Structures are given as C-alpha cells and as structure tokens.
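Visitor: Mind having a look at this structure? Questions to follow.
The values are calculated or read from the model by the stated rules, or taken from the named source; none is laboratory data. Note that this is a predicted model, so its numbers are computed, not measured. Note that we place each Cβ from the backbone using ideal geometry, even for glycine, and neighbour counts take in every protein chain shown.
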Amino acid sequence: MRLPAFHNYKYDEPHLVTAQALSDRIHRPEDFPQVRAADRTETPDVREAGVAAPKARPPGARMSQSERDRAYARRARGEPRGMVIAAIAEYG
C-alpha cells in the first residue's frame with residue numbers, strides 16, 4: 001500500500017500516488033464468493049477491532065521504506081498532515 005501524496009520510486013519514472021473514492025459502498029467478505037469461507041472467517045474486521053494486527057515478518061526480513069513511512073505516519077496521528085508529509089519527504 002502506498003500513501004497518497006507521496007512519490008512512488010519503485011520504477012524508473014517516479015510518479016505521485018493518488019487515491020480516488022469510486023464508491024461509498026463498504027465491501028464485506030461475502031461480496032467475494034470466490035474466496036474460500038475458511039479464509040474469510042480468519043480475517044479480522046479492522047473496523048470492529050480498531051486496528052489491524054501487523055503481519056508476521058520472517059526472521060531477519062527487513063522493512064521496506066514504504067512500510068517505515070506508513071508506520072511513521074500512523075505514530076504521528078494528530079499531527080498536522082503537512083508536517084508528517086514534510087518529515088517523511090525530508091527523510092527519503
């Protein structure tokens with residue numbers, strides 16, 4: 001997942017990441033019948049739990065820069081958006 005308002009440098013030509021709201025609909029696991037029922041029941045409902053549990057990282061695996069940026073942005077909740085963007089942009 002890339003944060004909107006930041007540049008994606010994964011490819012030769014960097015591009016600005018944007019987000020679009022194409023619908024107000026909230027999709028539920030039942031909307032995806034091709035996914036096995038067992039997989040749907042093991043996925044926590046983030047809205048009910050409040051936060052999602054981080055995925056387990058294999059021992060010795062390093063975080064990507066995108067993961068570090070996202071973690072910083074989450075820790076900076078309540079700070080002015082511009083300050084968070086500037087801090088992450090300055091670091092990278």
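Visitor: Of all residues in region 33-76, how many are more than 21 Å from Arg2 (Cα to Cα), modelled with pLDDT under 55 and among the aliphatic types (A, V, I, L, M)?
Guide: 1
Visitor: Could you run through region 57-92 and say how many residues are of a type in the set (A, V, I, L, M), surrounded by 10 or more Cβ atoms within 10 Å (Cβ to Cβ) and either at positive phi or not in a helix (DSSP H, G or I) (or both)?
Guide: 2
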